[in-house]
Amino acid sequence: MNDRARINVLVCPNAFKGSLTAAAAANAIIRGLDNCSTKERQFQCTALPLADGGDGILTTLVNATGGEIYRSVVTGPLGSAVEAKWGRLGGNQQDCAVIEMAEASGLRLLTSDQYDAMNSSTYGTGELILQALTAGCRRLLIGIGGSATNDGGAGVALALGAKLLSSDGCELPGTGQGLEQVAAIDMSGWKIPDGVEVIVACDVENPLTGDRGASAVYGPQKGASADHVRRLDTALTRWAQLLEADFGCRISDVPGSGAAGGLGAGLMAFLNARLLPGAELVLDAVGFDTLAGKSDLIITGEGRLDEQTANGKLIAIVAAHAKASGKPCIGLAGSIGAGAEEILRKIGLTAAFSIVPGPTTLEYAMAESGRLLTEAAQRLGELLLNT
């Protein structure tokens, strides 16, 4: 890069979960690069905050298409009222709504001592779906990352008019614990019209049940004990059998069916949803390949890089697209798991760096993530300018 007075950088991070939105992370990286730019050599940065089906997909897609965001009060993951957003795409896509399930049913709505995989519900996400349909949307793009739930989409089903019944005919709540007793589904009050198209943006490829399923992999992150994980997995197994029998669809072993505590599976059954990689959907919507082609360097990042990152996570998809464009791609992360850099380099990541300069606590790293990201970007920029 010695012969270039200006280095064009596409700055396209994901959210640093629990600490920085994708937009805030992009701004922090750009500040660091600006801090080390000189009159002779400087970085020309384009901010492109991204999402992979989880936090941020709503804002990313609505902003990319010139759409509109709406706000309303719905039911949160543990039953209390929360303010949530949903969006309508712009241009010739105004019949398409974007729903980010984390707005109504996300882990970010709870404090760590409130995490409760057994009793949390996606009911509020169902309320957002109803609002979008009432507003005239007939296509739904639902991002299902960042959930606080493990209910197999039962909460959504209740909000859309279904009833869950026990063997003695009692109505059950749409929660993981409620699924332990469900014996039948009453669809007589179903509120969804025919002809609605639903696409689900997934950020993971996990099946619904088993060692790689929703409960075993993500349940502990949502407050589930070892006993809860066992009970939830058993409940989701029975739930899948019931859904497959009632709706005639294959669910339990479909990649992504375990996303968001099994919401992927529930949306497949109740709304005939298609599960697609969220990162690919977002990159296509924002014109990533065109912007990458105009850049000299791509910088991406998120909270952690590890073996899971290669399984459809945004950084892996960005790296693959960068490789196809012939552009170097650097990842910045709060932490880097063993072997992650080698895996990601194979699919296009040029290098990966932790933003944490030395041993520290997770709480400190998350609280100071903006500053640490800026400082890491500045160190990277100084290296690039002097290479």
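The values are calculated or read from the model by the stated rules, or taken from the named source; none is laboratory data. Worth saying up front: this structure is predicted, and the values here are computed from it rather than measured. Glycine also receives a Cβ, built like all others from the backbone with ideal geometry; neighbour counts cover every protein chain displayed.
Consider ARG31 carefully, then state whether it is part of a strand (DSSP E or B), touching a residue at least 12 places away in the same chain (Cβ under 8 Å) and of a type in the set (Lys, Arg).
Working: part of a strand (DSSP E or B): no; touching a residue at least 12 places away in the same chain (Cβ under 8 Å): yes; of a type in the set (Lys, Arg): yes.
The answer is no for ARG31.
Report yes if GLY358 is assigned by TED's automatic domain parsing to the domain that holds THR21 and within 20 Å of the chain's Cα centre (by Cα), otherwise no. First the steps, then the outcome.
On the way: assigned by TED's automatic domain parsing to the domain that holds THR21: yes; within 20 Å of the chain's Cα centre (by Cα): no.
The answer is no for GLY358.
Which residue is nearest to ALA154 (Cα to Cα), if the candidates are limited to segment 175-223 and must be among the small types (Gly, Ala, Ser) and part of a loop (DSSP other than H, G, I, E, B)?
Restricting attention to segment 175-223, the residues satisfying the condition of being among the small types (Gly, Ala, Ser) are 176, 178, 183-184, 188-189, 195, 201, 210, 213-216, 219, 223.
Okay, now just the ones that are also part of a loop (DSSP other than H, G, I, E, B), so 183, 188-189, 195, 210, 213, 223.
Numbers: ALA183: 13, SER188: 16, GLY189: 15, GLY195: 22, GLY210: 19, GLY213: 17, GLY223: 19 Å.
By that ranking, first place goes to ALA183.
Picking from SER80, SER112, SER105, which residue would you name as being among the polar types (S, T, N, Q) and in contact with a helix residue (DSSP H, G or I) (Cβ under 7 Å, 6 or more places away or on another chain)? Break it down stepwise before answering.
Numbers: SER80 fails: in contact with a helix residue (DSSP H, G or I) (Cβ under 7 Å, 6 or more places away or on another chain); SER112 fails: in contact with a helix residue (DSSP H, G or I) (Cβ under 7 Å, 6 or more places away or on another chain).
Residue meeting the stated conditions: SER105.
Every residue, every condition in (1) at pLDDT 90 or above; (2) in contact with a helix residue (DSSP H, G or I) (Cβ under 9 Å, 6 or more places away or on another chain); (3) in a loop (DSSP other than H, G, I, E, B); (4) on the phi > 0 side of the Ramachandran plot, yes or no:
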position: VAL9; (1), (2), (3), (4): yes, yes, no, no
position: ALA25; (1), (2), (3), (4): yes, yes, no, no
position: THR38; (1), (2), (3), (4): no, yes, yes, no
position: GLN44; (1), (2), (3), (4): yes, no, no, no
position: ALA51; (1), (2), (3), (4): no, yes, yes, no
position: ASP55; (1), (2), (3), (4): no, yes, yes, no
position: ILE69; (1), (2), (3), (4): yes, yes, no, no
position: SER72; (1), (2), (3), (4): yes, yes, no, no
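Checking the structure you have, find out if any residue of segment 190-210 is among the charged types (D, E, K, R), touching a residue at least 40 places away in the same chain (Cβ under 8 Å) and more than 25 Å from ARG139 (Cα to Cα).
At the first step, the residues of segment 190-210 found to be among the charged types (D, E, K, R) are 191, 194, 197, 203, 205.
Now restrict to residues that are touching a residue at least 40 places away in the same chain (Cβ under 8 Å): 191, 197, 203, 205.
Among the residues that remain, those that are also more than 25 Å from ARG139 (Cα to Cα) are: none.
No, segment 190-210 has no match at all.
Exactly one of (1) within 16 Å of the chain's Cα centre (by Cα); (2) within 27 Å of TYR115 (Cβ to Cβ) is unmet by LEU61. Its number?
(2) is the only condition that LEU61 fails.
Which one of these is over 28 Å from LEU141 (Cβ atoms), hydrophobic (A, V, I, L, M, F, W, C) and crowded, with 20+ Cβ neighbours inside 10 Å: ALA245, ALA235, ALA260?
On the way: ALA245 fails: crowded, with 20+ Cβ neighbours inside 10 Å; ALA260 fails: over 28 Å from LEU141 (Cβ atoms).
When all the criteria are applied, what remains is ALA235.
Looking only at segment 130-170, how many residues end up being under 18 Å from MET268 (Cα atoms), hydroxyl-bearing (Ser, Thr, Tyr) and assigned to a loop (DSSP other than H, G, I, E, B)?
Going through segment 130-170 one residue at a time, the tally reaches 1.
I'd like the full set of residues that are at pLDDT below 95 and part of a strand (DSSP E or B), limited to segment 11-20.
PHE16, LEU20
Would you mind finding the one in GLY169, GLY213, GLY178, GLY174 that is in the same structural domain as ALA97 (by TED's automatic domain parsing) and on the phi > 0 side of the Ramachandran plot? Full working, then the answer.
Numbers: GLY213 fails: on the phi > 0 side of the Ramachandran plot; GLY178 fails: on the phi > 0 side of the Ramachandran plot; GLY174 fails: on the phi > 0 side of the Ramachandran plot.
Sole residue among the options that is in the same structural domain as ALA97 (by TED's automatic domain parsing) and on the phi > 0 side of the Ramachandran plot: GLY169.
Quickly run through segment 346-387 and pick out the residues that are among the charged types (D, E, K, R) and either under 30 Å from GLU40 (Cβ atoms) or in contact with a strand residue (DSSP E or B) (Cβ under 8 Å, 6 or more places away or on another chain) (or both).
Taking segment 346-387 and keeping what is among the charged types (D, E, K, R), we get 346, 363, 368, 371, 375, 379, 382.
The answer is ARG371, GLU375, ARG379, GLU382.
What are the residues in segment 224-235 that are part of a helix (DSSP H, G or I), under 20 Å from ASP113 (Cβ atoms) and among the aliphatic types (A, V, I, L, M), if any?
Filtering segment 224-235 down to residues part of a helix (DSSP H, G or I) leaves 226-235.
Retained after the next criterion (residues that are under 20 Å from ASP113 (Cβ atoms)): 226-229, 232.
Hits for segment 224-235 are ALA226, VAL229, LEU232.
In segment 75-126, which residues are crowded, with 23+ Cβ neighbours inside 10 Å and either of a type in the set (D, E, K, R) or free of Cβ contacts under 8 Å to residues at least 40 places away in the same chain (or both)?
Matches in segment 75-126: GLY87, GLU100, GLU103, ALA104, GLY126.
Can you find a residue that is in the same structural domain as TYR218 (by TED's automatic domain parsing), over 16 Å from LYS222 (Cβ atoms) and either acidic (Asp, Glu) or assigned to a loop (DSSP other than H, G, I, E, B) (or both) anywhere in segment 106-123?
No: zero hits.
Anything in segment 236-264 that is within 17 Å of GLY54 (Cβ to Cβ) and assigned to a helix (DSSP H, G or I)? List them, or say none. Reasoning before the result, please.
First, the residues of segment 236-264 that are within 17 Å of GLY54 (Cβ to Cβ): 255-264.
Correct list: ALA259, ALA260, GLY261, GLY262, LEU263, GLY264.
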